[in-house]
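The values are calculated or read from the model by the stated rules, or taken from the named source; none is laboratory data. What you see is a predicted model; the values in this text were computed from it and never measured. Glycine gets a Cβ as well: all are built from the backbone with ideal geometry, and neighbour counts include every protein chain shown.
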Amino acid sequence: MAFNLRNLSFSRQILPVIAIVALLLAAIFIVSGLPDRTLSEPERDPPRAPEELADAPRVAGSGVVEPSSELIQIGSALSGLITGLYVQPGDRVTQGQLLFTVDDRAARAGLREAEAAIGEARAAIAEAQTARSTALRQLDLYRGVDDPAAVSRSEVIRAEGEASAAGERLSLARARLEAAQARAASARTEIGRLSIRAPIAGEILAVNIRKGEYVSTMGGGGSQPFIEMGQTQPLFVRIDIDEEQAARLKLGAPATVSPRGASDRQVQARFVRAEPLVVPKRSLTNSAAERVDVRVLQVLYALPDANSEEERLFRVGQQVDAYIPAVKAR
Amino acid sequence: MIWIAIRMLTGDAQKFYGLVFGIAFSTLLITQQLTIFVNLIERGASGVYNVSSADVWVMDPVSRTTDVAYAMPSTALDKVRGVPGVEWAVPHLRAQASVRTKDGDLEGVAVIGVDDATLIGLPKAMVEGSPDVLSQPDSVIIDDVGTTRMFPDQSPIGERLELNDQRAVVRGIADAIPSFTSTVVLYTKYSRALNFVPGTRNRLSFVLVGAEDPAQAKALSERIERETGLKAQTRDEFARDGVQFIIENTGIPLNFGITVALGFIVGVAIVGLTFSLFIRDNIKQFGALKAIGVTNRKIRRMVIAQAGLVGITGYGLGVLGTIAFIWSFSANPTFKGFYIPWQIPLISLAAVALILALTGWLALRNVLKTEPAAVFR
C-alpha cells in the first residue's frame, strides 16, 4: 500500500499520529515535572558526633564558655566619681593591679586633717612634757627645803597639784596623738578602698564604666557590673546535661566540643568537675522570662589553650555543642 | 484485514469521533481529577518535603503533622544528639503567629525557625536573595506563594512587618511548595523565631536528624524512639502522616472519588453505547466477511484493532488535555508545584482498557453469533 497524499485521511492517519505525539509529549512532561524530593546534604556543616563516638553510647549537651575562675564582676566598696580608669577590655592584669580609682579628694582632705592633728598632738605632748618637768623641778625644790618655815604648806600642795596636772596633760596629749594617728590610718584605708584593684590575675572581659561616671555601691546603671574579668587561661565550658541523661554520663572522660557555627573545628576538652547541684535549665533562648521545668547537671570541662590570638576559637560567653562518652546502657 | 477494520471504523466519522471523544473525555476526567486530588492531599506533606536534608523528624509523642505539633523542652535536642547513629540533629520551630503589615492589616502566618548556624530547614531553592540574608538583623524569608497573598503586585524585599511587637524585615523569597491552607510562611533563625512567636513554656517543635546511614533511617527512628521516649518518623513516614491527616479531616477523598467514578461511568456509557451501536450497524459487513470465510478469531482481532485505535487516539488526546490544563495553570500560585504522578496516566490507561474491553466484549458477542446469512437480511 503505497503512500498517497490523496489517501491521507484525517481520522485514520493524522489523528492517531497526533495522539501518539501527544503521548510522547505527556511522557516527557510527566517525567520532567516530577518533583525533586531527593535528600540533599546540608550546605553548612551541622555539629556531628566525633568519629570515635559515632557508634558508641554518647551524651550530647550544649553549654557556654566561661573563665576558669568563673566570671568576676568587679564592684566598688565606696561610691563616687571615677577619676581614673587604667584597663581596657582584653588587657591581662596581675593580682592587685589598679583597675580604676574613685574620687578620693574627701578622703585625702580627711587624711591631711588627721596629719595636722598629729602635728598638733605632738606639739601638745612637747608642751606638756616641758610643763611637767618644770612642775617636777619646782616640787623637788620645795621638797628639798628642810626648814618648814621657809615654805608654806599651801605652796607645797600647789606645786604637787601642778606636777600631777602636768602629767595628766601629757597623757591627754599622747591620747590625742593616738586618736589623730588612728584617724590618719582610717583616712589612708579609705583612700586605699577608693582604688579598685584586680582580685586575681586574669583578663579584663568587659568595662562598663568610663571616667567621670558615678559609681554607686548599689551597682551600676541597669545593674551592669562595672568591670568583668576572669582567668581565661584556661577557659572552661559549662555543659548542661539533661537530668534524664545524667546517669549515663561517663564522668571524667574528655568531651568533644565545637563552637556554634564552626562545628567542623572540634577540640578535646579535659574533665574538671561536675557541679554538685543540679539546677533548673537556663535556656539559651534569649527570652526574657524563661520558665523551666527541666533540670540539668552542669559539668565543667577545660578547653585547650589557643596558640595564638588568630587561632582563638572560643570566647567567653560563646555557646558550644559538646559530645561526651556515655557508659554502656545496662 | 486489519486495515478493513480500521476503514470500517472510520467510515462513519460521527460514530468514530463520538468514540474518540468518549474515551478522551473520560481519560481527561480521570487523569485530571486524580492529579488534582493527589496534589491537593500531598499539600499536607509539603512541610516535610520542603526540608530537603532531614532523614528523620523527631517530635513530641502527641504531634501528628508539621502543623499539628506539640513543643518539647529544649533539652530534647541534646537527647537526640546522644543517640548513636544520629549524625547531626538541629532544632526546628514551627508556630503560628499574627503579623501586622505596613497597612495595619492582620495576617496569620506560619513562622519557621531554622537552625541558627547551619540554616537546615530552609527550602532547597530561593526565588530571590540567598539564605545568608538571615544573618542580618531581624530578617525573615517569605515563601513565594505567601508573597502573592501578602504583597500582591509588589516586591516584598525590604518590607517591614510587625511580629509579636518585634520588627521583621523581608529580605528573601524562598521557592517552596505551599501548605494545604496556603498560609504565608516566614522563615527565620531559630533564636529569632523565639522572639517572633509569643512565649510558651516549651518552644522546640521538631528536631531534624541526619542519619549516618540514610538507608537505615527507619531503624534509626526506632532507636531514637526507644532511647528518648520521643516520637521519631522518617521523612516518608512523616509525609504520609501529613497526607493521612488531610484524608481523615477533609471531604476531599470523597469528592474526588465521586468525580473519578463519574468519569469512568461517562466513559463506559458513551463508549459502550457508541461502540455497540457501531458494531450493530456493521453487523452486515461482519456477516459478509464471515460469508467469505473469515474466522471468528480474525473478527475478534479486527474488533481489538478497532478498539485499540479508538483507545490510543482517545487516550492520547485525553492526556494531552490534562497536560494542557496543568501547564496552563502552572503559573497560578494555587497550583504551584502541581505535577502529574506517573502512576496516574497508567491508572487512566487501565481504566480506558477496561472500558474498551467491557464494551468490546459486549459488542463482540453479537458479531460472533452472527450467521453469514445476515448479509442478506
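The condition of being more than 26 Å from the chain's Cα centre (by Cα), among the β-branched types (Val, Ile, Thr) and modelled with pLDDT of 85 or more holds for only one of B:VAL303, B:VAL310, that being B:VAL310. Within the set B:ALA219, B:ALA239, the sole residue that is at pLDDT 90 or above, under 21 Å from B:VAL38 (Cα atoms) and small (Gly, Ala, Ser) turns out to be B:ALA239. Would you be able to say whether some residue in segment A:89-97 is touching an Asp or Glu at 6+ places or on another chain (Cβ under 6 Å), part of a strand (DSSP E or B), more than 8 Å from every other protein chain (Cβ to nearest Cβ) and not aromatic (Phe, Trp, Tyr)? For segment A:89-97, residues touching an Asp or Glu at 6+ places or on another chain (Cβ under 6 Å), part of a strand (DSSP E or B), more than 8 Å from every other protein chain (Cβ to nearest Cβ) and not aromatic (Phe, Trp, Tyr): present.
Of the residues contained in segment B:358-370, none is found to be of a type in the set (A, V, I, L, M), surrounded by fewer than 21 Cβ atoms within 10 Å (Cβ to Cβ) and within 14 Å of chain A (Cβ to nearest Cβ). When the residues of segment A:71-88 are filtered to those that are part of a loop (DSSP other than H, G, I, E, B) and out of contact with any helix residue (DSSP H, G or I) (no Cβ under 7 Å at 6 or more places or on another chain), the one that is surrounded by the most Cβ atoms within 10 Å (Cβ to Cβ) is A:SER76.
A single member of B:VAL83, B:VAL109 is farther than 30 Å from A:ALA49 by Cα and either part of a helix (DSSP H, G or I) or in the same structural domain as B:GLU212 (by TED's automatic domain parsing) (or both), and it is B:VAL109.
Go through segment B:29-77 and report how many residues are over 20 Å from B:LEU119 (Cβ atoms) and in a helix (DSSP H, G or I). Counting residues in segment B:29-77 that are over 20 Å from B:LEU119 (Cβ atoms) and in a helix (DSSP H, G or I) gives 18. With a requirement of 1 or more residues that are in contact with a strand residue (DSSP E or B) (Cβ under 8 Å, 6 or more places away or on another chain) and closer than 19 Å to B:ALA95 by Cβ, the helices (runs of 4 or more DSSP H) lying completely within segment B:127-238 that satisfy it span B:144-150, B:190-196.
A:ARG273 falls short on exactly one of the conditions (1) within 14 Å of another protein chain (Cβ to nearest Cβ); (2) modelled with pLDDT of 90 or more, and that condition is (1).
Yes/no matrix, rows are residues, columns are (1) surrounded by 13 or more Cβ atoms within 10 Å (Cβ to Cβ); (2) closer than 30 Å to A:GLY212 by Cα:
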site: A:LEU98; (1), (2): yes, yes
site: A:GLY119; (1), (2): no, no
site: A:ARG132; (1), (2): yes, no
site: A:ALA135; (1), (2): yes, no
site: A:LEU141; (1), (2): no, no
site: A:ALA150; (1), (2): no, no
site: A:ARG153; (1), (2): no, no
site: A:ALA165; (1), (2): yes, no
site: A:LEU172; (1), (2): yes, no
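Confirm whether A:GLU41 is within 30 Å of B:PRO91 (Cα to Cα) and facing another protein chain (nearest Cβ under 7 Å). Judged against the criteria, A:GLU41 is a match. Only a single criterion out of (1) closer than 23 Å to B:VAL243 by Cβ; (2) crowded, with 23+ Cβ neighbours inside 10 Å; (3) among the aliphatic types (A, V, I, L, M) is not satisfied by B:LEU230, namely (2). Selection of first residues in segment A:277-303 that are farther than 23 Å from A:PRO234 by Cβ and more than 7 Å from every other protein chain (Cβ to nearest Cβ) and of second residues that are assigned to a loop (DSSP other than H, G, I, E, B) and at pLDDT 80 or above, restricted to Cβ pairs under 6 Å at least 6 apart or on distinct chains, gives the following pairs, ordered by first then second residue: A:ARG295/A:VAL278.
Against the conditions (1) away from chain B (no Cβ under 14 Å); (2) at positive phi; (3) at pLDDT 75 or above, A:GLY261 satisfies every one except (1). For segment B:13-22, residues that are within 10 Å of chain A (Cβ to nearest Cβ) and either more than 16 Å from B:ASN282 (Cβ to Cβ) or buried (at least 16 other Cβ atoms within 10 Å of the Cβ) (or both) total 3.
If we scan segment B:196-206, do we find a residue that is aromatic (Phe, Trp, Tyr), at pLDDT 90 or above and assigned by TED's automatic domain parsing to the domain that holds B:PRO123? Yes, segment B:196-206 has at least one match.
Out of B:GLY210, B:GLY121, B:GLY113, one residue alone is within 11 Å of chain A (Cβ to nearest Cβ), buried (at least 20 other Cβ atoms within 10 Å of the Cβ) and at positive phi. It is B:GLY121. Here A:LEU81 passes the criteria (1) within 37 Å of the chain's Cα centre (by Cα); (2) assigned by TED's automatic domain parsing to the domain that holds A:ALA306 except the one numbered (2). Looking across segment A:296-321, just one residue is at pLDDT 90 or above and of a type in the set (Gly, Ala, Ser), and that is A:ALA302.
The set of residues in segment A:50-70 that are in a loop (DSSP other than H, G, I, E, B) and within 7 Å of chain B (Cβ to nearest Cβ) comprises A:ALA54, A:ASP55, A:ALA56, A:PRO57. A single entry from B:ARG43, B:ARG81, B:ARG7 fulfils the requirement of being without any contact (Cβ under 8 Å) to a residue 60 or more places away in the chain and buried (at least 19 other Cβ atoms within 10 Å of the Cβ): B:ARG81. Scanning segment A:237-252 for residues that are buried (at least 16 other Cβ atoms within 10 Å of the Cβ) and among the hydrophobic types (A, V, I, L, M, F, W, C), which turns out farthest from A:ASN307 (Cα to Cα)? The selected residue is A:ALA246.
Residue-by-condition table, conditions (1) touching a residue at least 12 places away in the same chain (Cβ under 8 Å); (2) of a type outside the set (Asp, Glu); (3) farther than 30 Å from A:ARG265 by Cα:
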| site | (1), (2), (3) |
| --- | --- |
| A:GLN73 | yes, yes, yes |
| A:ARG92 | yes, yes, no |
| A:ARG112 | no, yes, yes |
| A:ALA117 | yes, yes, yes |
| A:THR130 | no, yes, yes |
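When B:VAL62, B:VAL56 are checked against the criterion of being within 13 Å of chain A (Cβ to nearest Cβ) and modelled with pLDDT of 90 or more, a single residue qualifies: B:VAL56. Just need a number here: residues in segment B:156-206 that are touching a Phe, Trp or Tyr at 6+ places or on another chain (Cβ under 8 Å), more than 16 Å from B:VAL140 (Cβ to Cβ) and either more than 14 Å from chain A (Cβ to nearest Cβ) or of a type in the set (Asp, Glu) (or both). So the answer is 1. Can A:ARG12 be described as within 14 Å of chain B (Cβ to nearest Cβ), surrounded by 13 or more Cβ atoms within 10 Å (Cβ to Cβ) and modelled with pLDDT under 80? Criteria met by A:ARG12.
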